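Here's the structure we're looking at; comments come further down.
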Amino acid sequence: MKLTAREDISAPIEAVFQQLSDFDGFERSVLRRGAELARTDSLSAPGPGMSWRAGFEYRGRKRDALIEMTSYTPSEQMCFQIKTSGLDVALTADLVAMSRGRTRMSIATDLAATTLPSRLLLKSLKLARHRLQGKFRNRISEFAVDLEGRGADRRDKRREYPDYW
């Protein structure tokens, strides 16, 4: 099952990619939400092979996930492979510069079942596909607005304190 969303962001592509590749910030955000997250690679710079082990609670059960970055093209694309009990998820984030100060972000997820219970879960998700697609698009839209806001905050601080940056 595939879910997609596309959002236009009022920021240069380099700034958007920099925020998307702020893995330390994402790790802190996940930990604040109560999940467990541990980096499992020893890479010093972002790139293919980065990996994490995550633990979280979903529908009353403890779940574990392995997340691995499979592709990394600066200012253009990041791909991740996520494996959890019975589900394989491929997540792709693409960026395209629309103009000097505008970027289009496309996020796609592809879910595939590997066990019978996960196939049943996927079938139920497919029945609610329209509602699930709407929720996915809303969440990506909120994320894009957040990215724009963070970029605007940094630009304002640069104007106020030019020697600091």
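Take every Cα pair under 8 Å whose residues are at least 6 apart in sequence, average their separation, divide by the length of segment 27-73, and the relative contact order is 31 percent.
Using a simple spin-label model with pseudo-atoms 7 Å out from Cα toward Cβ, Ala112 and Ser10 lie 4.1 nm apart. For the chain, the longest principal axis of the alpha carbon atoms and the long axis of helix 23-32 meet at an angle near 60°.
The mean sequence distance of close C-alpha pairs (under 8 Å, at least 6 residues apart), as a share of the length of the chain, puts its relative contact order at 26 percent.
Shown here for segment 97-134: trypsin sites (Lys or Arg not before Pro) in loop regions (DSSP other than H, G, I, E, B) with at most 15 other Cβ atoms within 10 Å, namely Arg100. Run down the lysines and flag those whose C-alpha is under 27 Å from the C-alpha of Lys2, throwing out any fewer than 8 positions away in its chain. Candidates past the 8-residue exclusion: Lys62, Lys83, Lys123, Lys126, Lys135.
A simple packing score, the average count of other Cβ atoms within 10 Å per residue, orders the peptides 86-94, 41-49 as 86-94, 41-49, with the highest score first. Result for the chain in a Gaussian network model with C-alpha springs under 10 Å: among Arg139, Arg59, Arg150, the largest mean-square fluctuation is at Arg59. Taking Lys and Arg as +1 and Asp and Glu as -1, the other residues whose beta-carbon sits under 13 Å from that of Met78 total -4. When the trypsin sites (Lys or Arg not before Pro) in segment 1-45 are filtered for DSSP coil states and for at most 11 other beta-carbon atoms within 10 Å of their beta-carbon, the remaining sites are Arg33. Apply 1/(1 + (r/R0)^6) to the Cβ-Cβ distance of Arg100 and Arg61, taking R0 = 45 Å, and write down the FRET efficiency to the nearest 0.05. After rounding, the FRET efficiency stands at 0.40. Checking [x] 24, 18, 15; [y] 30, 19, 15; [z] 57, 41, 15 against semi-axes √(5λ) of the Cα gyration tensor in Å calculated from these atoms, the matching label is [y].
Read-outs throughout are calculated quantities, based only on the coordinates presented, and are distinct from any laboratory measurement. This is a predicted model, so every value here is computed, not measured. In this analysis, Cβ positions are derived from the backbone assuming ideal geometry, glycine residues included, and neighbour counts consider all displayed protein chains.
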